[in-house]
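Worksheet for the structure shown next.
The values are calculated or read from the model by the stated rules, or taken from the named source; none is laboratory data. This structure is a prediction, so every number in the text was calculated from the model and none was measured. When we count neighbours, we look across all protein chains shown, and the Cβ atoms used for this are built from the backbone with ideal geometry, even at glycine.
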Amino acid sequence: MTRPTTSAGGPLQGLRILDLTAVVMGPYATQTLGDLGADVIKVEPPAGDNLRAVGPMRNPGMGALSLHLNRNKRSVVLDLKRPEGRDACLKLAETCDALIYNTRPKAMARLGLDYAAVSARNPRIVYLGCIGFGEDGPYAGKPAYDDLIQGAVALPTLYAAQSGGDPRYAPVTLADRAVGLQSAIALLAAVLHAQRTGCGQAVEVPMFEALAQFVMGDHLGGQSFEPPAGPMGYARLLAPHRKPYRTADGHLSVLIYNDKHWQAFFDVIGRPDLKTSPMFSNHTARAAHIGEVYAFVAEVMATRSSEDWYAALQAADVPVGRLHTVESLKDDPHLRAVGFFPEMEHPSEGTIRTTAPVGHYGATPPAIRRHAPRLGEHSAEVLREAGYSQDEVQALIDGRITAQANAPLTSEVPAA
């Protein structure tokens, strides 16, 4: 059983982020930054982040998704709709390198927390908005959720074009997480600029444009040229047989990609004559006939068992992988060996399983230093750091501007 540790600061140790985000996109960005060592102060309304209510859960307000997305953060309750809560938020902003939010910019302005108000208190601060649509376009201010953005950038219709079935969303919060990572990168870039120049700035990372770049980088195709050199779409990704191949008794993931792979594959299947076939002879030829190429492989793969293929293709150094379910992925031997699913003791939730921070750093390893906090677990602690006296903190609690969870003042747990 592992425990969070505070001994490893991570490469972002010393970076302080005021996190006004909720649900997935913003919290995933700040979870990534927190894993890398940033001090993330999560400001929540009295009712908490909506994602706290999404089960399964052992205790109210501590849903599984929230536990994963909000580790390495401190939770502070502030009612930002009241002047005292706004003032406390601005006071916290004075101590931070960056403020990140994912409400609509007009909502931030109504709260008195727009860039002008925040930068007046801290000119060096990076003020980053994870928003749905760029403020210069006609969609500005429209609601944006993962499903809506996936649809807006054509992901469901790409699924349908490839499979011949109905349009469908990716069964992961793809837009939220992909754009969350872009938001984390944007925040670090702007903080680096602020450290070099002493000047903060407002930054917006719009979901629609960010994910459209993600999709269209693959699928602009012939429309990359003017006049067009062909249709849009990356033919290999849209080939109907680009999916796990059915074997005689299951499925395997196989990607026969470069010339060396194809030469080896033809030896495995006893068809060396195909090495000089015009359709298979080089990458350009295969790309021009990609539908037929994938159909040929699909037909051949159906003739032998998964284990037979796996052994033969591995021995020939042809890229092959087993097809996991989410249940079997949890027990993958490689992930087990690298400690990808650590089990940890949470002070209120008991034993939980989560995912490890990504990557290895020789001198500043990322770490899970804090458990996901209970709502308001660090309200008093953080407000006192910002300069509030104990009496002033108590007055904010009594006035329902803030709230302190019935929990220890810190969720830090010493290293085992």
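Listed values, structure above:
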{"quantity": "Lone qualifier among 148, 174, 155 - being assigned by TED's automatic domain parsing to the domain that holds residue 203, of a type outside the set (Gly, Ala, Ser) and under 16 Å from residue 102 (Cα atoms)", "calculated": "148"}
{"quantity": "Criterion: surrounded by 15 or more Cβ atoms within 10 Å (Cβ to Cβ), acidic (Asp, Glu) and free of Cβ contacts under 8 Å to residues at least 60 places away in the same chain - qualifying residue of 136, 114", "calculated": "114"}
{"quantity": "Residue 345 in a helix (DSSP H, G or I) and modelled with pLDDT of 95 or more", "calculated": "no"}
{"quantity": "Residue check, residue 323 in contact (Cβ under 8 Å) with a residue 60 or more places away in the chain and either small (Gly, Ala, Ser) or farther than 25 Å from residue 74 by Cβ (or both)", "calculated": "yes"}
{"quantity": "Residue 58 being of a type in the set (Lys, Arg), surrounded by fewer than 24 Cβ atoms within 10 Å (Cβ to Cβ) and touching a helix residue (DSSP H, G or I) at 6+ places or on another chain (Cβ under 9 Å)", "calculated": "no"}
{"quantity": "Members of region 38-56 that are under 17 Å from the mean Cα position of the chain (by Cα) and at positive phi", "calculated": "none"}
{"quantity": "Qualifying residue in region 132-145 (condition: under 30 Å from residue 385 (Cα atoms), in a loop (DSSP other than H, G, I, E, B) and assigned by TED's automatic domain parsing to the domain that holds residue 34)", "calculated": "no"}
{"quantity": "Hey, residue 337 at pLDDT 95 or above and not assigned by TED's automatic domain parsing to the domain that holds residue 60 or not", "calculated": "no"}
{"quantity": "Residue among 325, 402, 364, 355 that alone is farther than 30 Å from residue 242 by Cα and surrounded by fewer than 16 Cβ atoms within 10 Å (Cβ to Cβ)", "calculated": "364"}
{"quantity": "Residue in region 88-95 that is of a type in the set (S, T, N, Q), at pLDDT 95 or above, crowded, with 16+ Cβ neighbours inside 10 Å and closer than 24 Å to residue 186 by Cβ present", "calculated": "yes"}
{"quantity": "Scope region 268-296; condition surrounded by 14 or more Cβ atoms within 10 Å (Cβ to Cβ) and under 14 Å from residue 313 (Cα atoms); matching residues", "calculated": "268, 269"}
{"quantity": "Residue check, residue 80 more than 19 Å from the chain's Cα centre (by Cα) and either aromatic (Phe, Trp, Tyr) or buried (at least 20 other Cβ atoms within 10 Å of the Cβ) (or both)", "calculated": "yes"}
{"quantity": "Listing of helices (runs of 4 or more DSSP H) fully contained in region 204-289 that carry 2 or more residues being farther than 30 Å from residue 134 by Cβ and without any contact (Cβ under 8 Å) to a residue 12 or more places away in the chain", "calculated": "283-288"}
{"quantity": "Selection from region 160-193 of residues that are buried (at least 18 other Cβ atoms within 10 Å of the Cβ) and either assigned to a loop (DSSP other than H, G, I, E, B) or more than 19 Å from the chain's Cα centre (by Cα) (or both)", "calculated": "173, 190, 191"}
{"quantity": "Selection count where residues are under 21 Å from residue 180 (Cα atoms) and of a type in the set (A, V, I, L, M, F, W, C), scope region 54-89", "calculated": "5"}
